[in-house]
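Participant: One structure, pasted below without further comment.
The values are calculated or read from the model by the stated rules, or taken from the named source; none is laboratory data. Just so you know, these numbers come straight off a predicted model, no measurement behind them. When we count neighbours, we look across all protein chains shown, and the Cβ atoms used for this are built from the backbone with ideal geometry, even at glycine. Surface accessibility is based on the protein's heavy atoms, side chains included, excluding ligands, DNA and RNA. Shrake-Rupley method; radii C 1.70, N 1.55, O 1.52, S 1.80 Å.
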Amino acid sequence: MSTGSNLKDLQRNLYNGTLTCVDRVNEFLKTIESKRHLNVYLSVYPEEALARAREVDRKIKSKQAGKLAGLVVGLKDVLSYQEHPLQASSRILTGFIAQFNATAVQRLLDEDAIIIGRQNCDEFAMGSSNENSAFGPVLNEIDTTRVPGGSSGGSAVAVQADLCDISLGSDTGGSVRQPAALCGVIGLKPTYSRISRHGLIAYGSSFDCIGIFGKNLQDIGLVLEVIAGPDDYDSTVSHTPVPSYSNELASVIDRPYKIAYLKDAMESAALQPEIKLALEEKIEQLKAAGHQVEGINFSLSEYILPTYYILATAEASSNLSRYDGVRYGLRSNQVTNLESLYKKTRSEGFGKEVQRRILLGTFVLSASYYDAYYTKAQKVRRLIRQETQSIFSKYDFILSPTTPTTAFKIGAHVNNPLEMYLADLFSVQANVAGVPAISIPCGHDKQGLPIGIQLTADDFNESRLFQFSQVIMNLA
Ligand code: GLN
């Protein structure tokens, strides 16, 4: 991965005339063409992106361009972009065209970002390897026999392989941070409710967050401040003021921080030894730099993953009931009556993993099991949030591995869903608790595969998360 320049630097050149947006878009289109084999983009919008680039170039000349002028963005195939296809990488949405812009997309466009294409992902954002897409797997550019992670695999590789500046993905249980770690880029999941979900295809609504991939913190901060904040179309968005993350990042305070790491995570048998080593090294460096780093116990750690999978599948089974062959996309042609319309369409339209999740979710919500699973998991979720917040009454951040292993081989876990679910072992806590978390690159394993470390902070502390990420990245 080339670290590239951040948007501020690029804009200097755009404004002094040594670079144009058209040049930039052409360059990306060329790279996209030469890297088609990675299977990142489901659609590319060349003419349109170039037309917009010309328009933004004109605005730059007349000094009327927005904050994101020149930024080239890719969208995970779960974000609504008006008059463009939207499929959640599923057959069931074949032929569906988005009717409106997601709020996040509209805000990018309003600030003159250029959207270049729609990115492959796991079907309905369910998966950890991008192997559940109806359009085939995305390949990790560092080793094309390996997965990029998921579910936002296309969005991660797009940034990794220089196929855009920034990708917007979604993170319900780790789908931005986990692929970011496996691809060696930065991935942010903000606080739950920070960004409007209007126009984001719903998976698990009490977890779903739009997340941001990039190669530098400045650009991610800038995009976050543009897309975050209240929205008339989504009543679940927080009204907590949106700071200027990019400005606050410019004044990094290298004060001693109090950092906790979870002993369970570090001692986990599932953790690849090289990742453990990389983390231990960071901990030592942080201590040497004067920060206070302490190992703590999290009494509920073994319940986090099951709680997530019970609640996320329950919510998914409800959210996905709208794909019935009547309103959207695909309709089976084997239909004889209303019931067969539903059954055939959903059996033909949904892939295996999505069907598994719907079955699981329907089961945990069924009358006889509701209390044993759904109600219980809700209670445990509350306890997990409380215990997580009690950590933040004493510490500024939690430091952990983002993933138990580096990028695994394509096909390695496809026949064992439980093994696949373990890829989310360390990322789901932030979603269950609703707090912000970021994955930043932290070296490589012996095979040259990227390692990611995860920083988690208390609600709405994205600014400090960026600042501390910068501190850690400066240590390297
Ligand atoms: N891998 C997790 C899942 O399959 C997380 C997915 C996500 O964050 N969208 O549920």
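Participant: How about the range 259-294: which of its residues are open to solvent by 30 Å² or more (accessible area, probe 1.4 Å) and over 12 Å from residue 401 (Cα atoms)?
Facilitator: 269, 281, 284, 285, 287, 288, 289, 290, 292, 294
Participant: Exactly one of (1) among the β-branched types (Val, Ile, Thr); (2) open to solvent by less than 30 Å² (accessible area, probe 1.4 Å); (3) under 22 Å from the mean Cα position of the chain (by Cα) is unmet by residue 60. Its number?
Facilitator: The single condition residue 60 does not satisfy is (3).
Participant: Any residue at all in the range 315-326 that is open to solvent by 50 Å² or more (accessible area, probe 1.4 Å), part of a helix (DSSP H, G or I) and in contact with a Ser or Thr (Cβ under 8 Å, 6 or more places away or on another chain)? Outline the logic, then answer.
Facilitator: Initially, the range 315-326 is screened for residues open to solvent by 50 Å² or more (accessible area, probe 1.4 Å), giving 318, 321-322, 326.
Narrowing the set further to residues that are part of a helix (DSSP H, G or I) leaves 318, 321-322.
Restricting the remaining residues to those that are in contact with a Ser or Thr (Cβ under 8 Å, 6 or more places away or on another chain) gives none.
So far as the range 315-326 goes, no, none of its residues is open to solvent by 50 Å² or more (accessible area, probe 1.4 Å), part of a helix (DSSP H, G or I) and in contact with a Ser or Thr (Cβ under 8 Å, 6 or more places away or on another chain).
Participant: Output the residue which, of all residues in the range 105-116 that are assigned to a loop (DSSP other than H, G, I, E, B) and open to solvent by less than 10 Å² (accessible area, probe 1.4 Å), is nearest to the ligand (Cβ to nearest atom). Explain how you work it out, then say what you get.
Facilitator: Of the residues in the range 105-116, the ones assigned to a loop (DSSP other than H, G, I, E, B) are 111-113.
Now drop any that are not open to solvent by less than 10 Å² (accessible area, probe 1.4 Å), which leaves 112-113.
Numbers: 112: 29, 113: 23 Å.
In this case the residue turns out to be 113.
Participant: Would you mention how many residues in the range 63-102 are over 14 Å from residue 43 (Cβ atoms) and open to solvent by 10 Å² or more (accessible area, probe 1.4 Å)?
Facilitator: 9
Participant: Please pick out the residue among 372, 367 that is without any contact (Cβ under 8 Å) to a residue 24 or more places away in the chain and not in a helix (DSSP H, G or I).
Facilitator: From the options 372, 367, the qualifying one is 367.
Participant: Taking into account only those residues within the range 117-136 that are in a loop (DSSP other than H, G, I, E, B) and touching a strand residue (DSSP E or B) at 6+ places or on another chain (Cβ under 8 Å), which is most open to solvent (accessible area, probe 1.4 Å)?
Facilitator: Of everything passing the filter in the range 117-136, 135 is most open to solvent (accessible area, probe 1.4 Å).
Participant: Does residue 60 satisfy the condition of being in a helix (DSSP H, G or I), under 21 Å from residue 152 (Cα atoms) and not hydroxyl-bearing (Ser, Thr, Tyr)?
Facilitator: no
Residue-by-condition table, conditions (1) touching a Ser or Thr at 6+ places or on another chain (Cβ under 9 Å); (2) away from the ligand (no atom under 16 Å from the Cβ); (3) outside any strand (DSSP E or B):
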{"residue": "348", "(1), (2), (3)": "yes, yes, yes"}
{"residue": "357", "(1), (2), (3)": "yes, no, yes"}
{"residue": "363", "(1), (2), (3)": "yes, yes, yes"}
{"residue": "378", "(1), (2), (3)": "yes, yes, yes"}
{"residue": "381", "(1), (2), (3)": "yes, no, yes"}
{"residue": "390", "(1), (2), (3)": "no, yes, yes"}
{"residue": "399", "(1), (2), (3)": "yes, yes, no"}
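Participant: Another question, if that's okay. What are the residues in the range 454-466 that are crowded, with 24+ Cβ neighbours inside 10 Å and either β-branched (Val, Ile, Thr) or in a helix (DSSP H, G or I) (or both), if any?
Facilitator: 456, 462, 465, 466
Participant: Continuing with this model, one more query. Anything in the range 407-416 that is open to solvent by less than 30 Å² (accessible area, probe 1.4 Å) and within 14 Å of the ligand (Cβ to nearest atom)? List them, or say none.
Facilitator: Step one: list which residues in the range 407-416 are open to solvent by less than 30 Å² (accessible area, probe 1.4 Å), which gives 407-408.
Within the range 407-416, just 408 meets the criteria.
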